[in-house]
Each structure stands twice: as structure tokens, then as C-alpha cells.
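Right, one structure below, let's go through it.
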Amino acid sequence: MQYFYILEFLYRKERMTSKDEISELKDEILELKTLLKQKEKRLKELINSSENCPYSTQLSCQEISRYSRHMLIPQIGMKGQIAMKQSSVLIIGLGGLGCPAALYLAAAGIGTITFVDYDEVEITNFNRQILHAEDNINVSKVESACDMLQANSNTLQNLFDKNKYDVVLDGSDNVATRYLLNDMCVLNQVPLVSGSALQMEGQLTVYNFEDGPCYRCLFPIPPPPDTVTNCGDGGVLGAVTGVIGALQALETIKILTKADNVMSGRLLIFDASSTTFLNVKLRKKQETCDVCGLKPKITQLIDYEQFCGSKAHDKVIDINILTEVENICVKELATLEKESVIIDVRPKIEYEICKLPNTINIPYTYFKDNKNSEDITKTLLSFRSKTSRVFFICRRGNDSQRTEASMLILSLLILHFPFTEKKTPEIEQDRDCL
């Protein structure tokens with residue numbers, strides 16, 4: 001017995017030594033990365049200061065070489081390239097749209113780009129957010145994007161400039177932020193390049209450009225929160241966000257270089273399933289608009305979360321509408337699984353990705369539809385002969401709670417046996433495995 005204790009002690013000691021070594025290596029790598037950034041920054045400063053072109057006071061020799069393919073285009077030329085260098089662009093959101101847009105704008109020679117994003121890099125980003133690397137998981141998206149862009153372009157600055165921006169690019173994924181950006185741009189007379197993408201479709205337009213409409217001209221009233229789907233719930237193909245993000249960068253460049261045919265007053269709809277583009281003419285600028293009309297009611301920023309009835313982010317908020325008795329932990333559910341009925345209320349497509357054995361898939365939308373109440377009653381009655389315990393599970397623990405709350409009322413009327421619900425697994429890293 002003593003021999004086994006010695007082995008266990010040695011094993012634990014080895015594990016602790018390995019953990020210490022891993023921690024030391026991580027700290028050392030972080031220090032080296034910081035030092036490398038400082039030296040690269042200094043090197044770029046020296047290169048730029050020593051390569052001023054004697055024939056141009058506004059572009060260096062290196063910049064002329066880098067952007068020569070741009071300057072050969074008649075619509076851009078030297079004048080357009082200088083305009084881009086002197087421009088300042090604000091990008092909101094470094095997700096599926098903001099990443100490709102930022103990449104192309106930085107590569108195009110935009111002088112100052114400011115990024116705004118509250119989020120950190122996570123593994124679910126990598127199918128579409130091409131600026132972020134696995135090494136930057138849990139790192140601020142702004143910091144991650146700057147690392148990548150500055151590695152590709154030694155002329156790019158990342159400064160928070162409080163002065164007026166020339167263009168604002170909207171890469172957000174929520175309604176409240178869209179209204180906020182629209183009003184901010186109208187009040188400051190700045191064009192807003194707006195894009196969106198969901199599943200296999202994308203849309204693009206430019207608001208508040210010259211005599212074109214603003215977002216409120218088209219949508220004076222926000223949609224009900226429960227009718228809005230984001231990428232986290234509906235999914236999106238990475239290539240679709242790449243197409244729309246690149247087009248947002250294109251429209252931004254057209255605005256900065258004063259090119260013709262900016263996508264104002266028109267909506268571009270991209271269908272990836274058929275690879276088709278559709279141009280739709282939009283409603284004209286409205287004289288009665290609350291923010292850009294002849295007699296505007298909105299002259300300063302308001303509470304946009306209150307106005308829209310939803311949060312200004314795309315994160316799912318956990319709800320808690322059941323009592324402690326009506327919830328059950330994962331471990332307890334495992335012991336009761338054989339004598340219970342487990343109903344998975346996720347959509348069919350999510351259920352097919354991964355599922356627990358011996359579960360029944362009845363999507364929450366089916367319970368939600370009043371037309372199905374009779375069928376639901378029959379289904380639940382059929383369980384009565386098998387068990388008096390029914391559990392509802394889902395992806396995050398929200399839809400299962402909503403389902404149970406409605407079924408608790410129904411059970412009092414027709415079944416008279418308790419329903420219980422299993423919340424999302426408590427293992428945090430598996431919380432959003434879909």
C-alpha cells in the first residue's frame with residue numbers, strides 16, 4: 001500500500017512540475033511577444049522616415065510602390081490614394097463583417113482606422129472572423145485585429161480619434177446598435193455603410209449619404225425583439241460574411257475617393273445558395289423622419305436599449321423563470337434517465353448535430369404554436385402510462401424553461417403530474433457547443 005502512495009506522490013509532483021513549466025513558458029512567450037511588437041513598431045518608424053519620396057510630399061516611395069495598382073485605376077489615381085491616406089474610418093464590430101472589411105480597408109491604405117468591439121475572441125468565431133487566430137482566444141477582438149493588420153501594413157495607425165470620422169462602417173449584429181449608429185451618423189453628417197448576413201444571405205446599403213435615406217426613414221419603428229434572429233441562433237456561412245464585408249470596404253473606398261454610384265437609396269441582396277445579386281430601390285429620404293426630417297424630434301442620442309426593447313449586443317441572456325424545485329442538475333438527471341421521458345426542444349437541425357440517447361425531439365416552436373395544442377396534449381397523455389416525470393432540455397436552458405412554464409399550466413388542467421426541466425449543462429466550455 002505504501003508503494004502505491006509513493007507512486008501517487010511522484011505522479012502528483014510530476015503534474016505540478018509540468019503545470020509550473022507551462023505557466024513559466026506562457027509568461028516568457030508573452031514577454032517576448034511584447035518585446036517583438038515594440039521592436040517592429042520602431043523598425044516601421046525608421047523605414048517610413050527614411051523612405052520619403054522626393055517627387056511626392058504626401059506619399060512615401062514605399063506607399064507609392066504598395067498602392068501602385070490602385071493609382072493606375074482612373075477613378076482613384078494619386079488624388080484618390082492621398083484621400084484614403086488622409087481619411088479616418090470607424091468600424092463597429094470586428095466579427096464576420098468587420099474583419100474582412102477592416103482587412104481590405106487597411107490594405108487599401110486608409111490612414112486611420114478605429115475599431116470598437118466589446119467582445120473577446122472565442123472558438124466559435126473562426127469560421128468567419130478571419131482576423132483572429134487561435135493564439136488569441138480570450139483576447140480582446142480589437143487587440144487581436146490590430147495585431148494582424150499591423151503585421152500586414154506598416155502604414156496603418158490604430159488611434160482613437162475624437163475628431164469627425166469620414167465614414168462609419170456597421171458590422172454589428174443587433175437592432176439597438178443599428179439605431180444608435182444611424183442617429184449618431186445623421187447628427188454628425190457622416191455616411192453609414194451598413195451590412196448584414198444570416199445563414200446563406202447578405203444585405204448591403206449606405207445610409208445618410210448625400211440625399212439618400214437614413215435607417216429610420218425605412219424603419220421608424222424597431223421590430224419586436226422575438227422576431228429578430230442573430231448569427232448565434234440562426235447560423236451564418238463564413239464566405240457570405242466575407243462577401244458582404246468586402247463590399248462594405250468597397251463602398252467605403254468609393255465614398256472616400258468620391259466615386260460615382262455609391263450604394264445609397266438601393267439595397268443589395270446577396271443569395272449565396274444561387275450566387276445571385278439583387279438590387280432593390282429603397283424609399284426616398286422622408287421629410288417626416290424623426291432624425292433626418294425637416295422637423296427632427298431626435299436631436300441627441302437616446303436610450304436605444306429601451307427604445308428597441310432589446311440589448312445592444314448579440315449575446316443570449318439567460319432567463320430564470322422557474323423555481324429551484326422545477327430545475328434539476330445534469331448529474332441528477334443521469335440517475336433518473338431510465339425512468340423518465342426527456343424532451344429535447346431544440347430545432348431539428350441542432351438536434352441532429354448532437355443529442356443525448358433516448359431523448360425525444362419536439363422543437364420549442366411546435367409547443368409555441370397554439371394550433372398544435374391538441375397534438376401536444378395527446379403526446380403528453382401518451383407519456384402518462386410510462387412515467388410521471390418529464391424533463392425538457394435545450395441548448396442554453398432558456399427555451400426549455402419557457403416550454404415547461406407553459407406545460408405546467410397545461411398539466412394542471414389535463415395531466416395533474418409534475419413536469420421538471422433540465423437546464424444547460426453546467427460545464428462552461430460545453431455551454432455553446434453548437
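The values are calculated or read from the model by the stated rules, or taken from the named source; none is laboratory data. Computed from a predicted model, the values in this text were never measured in an experiment. Cβ atoms come from the backbone with ideal geometry, glycine included; neighbour counts cover every protein chain shown.
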Of all residues making up segment 131-150, the number that are of a type in the set (S, T, N, Q), assigned to a helix (DSSP H, G or I) and under 16 Å from the mean Cα position of the chain (by Cα): 1
Residues of segment 79-98 that turn out to be hydrophobic (A, V, I, L, M, F, W, C) and at pLDDT below 90, as a count: 1
Where I82 falls short, out of the listed (1) outside any helix (DSSP H, G or I); (2) of a type in the set (V, I, T); (3) surrounded by fewer than 22 Cβ atoms within 10 Å (Cβ to Cβ): (1)
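Yes/no matrix, rows are residues, columns are (1) surrounded by fewer than 17 Cβ atoms within 10 Å (Cβ to Cβ); (2) modelled with pLDDT of 75 or more:
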residue	(1), (2)
R346	no, yes
C354	yes, yes
S388	yes, no
G397	no, yes
R402	no, yes
S411	yes, no
K422	no, no
D430	yes, no
Residue identified as under 24 Å from the mean Cα position of the chain (by Cα) and under 30 Å from S406 (Cα atoms) among T252, T227, T275: T227
Scan of segment 380-398 for residues that are in a helix (DSSP H, G or I) and out of contact with any strand residue (DSSP E or B) (no Cβ under 9 Å at 6 or more places or on another chain), ordered by number: L381, S382, R384, N398
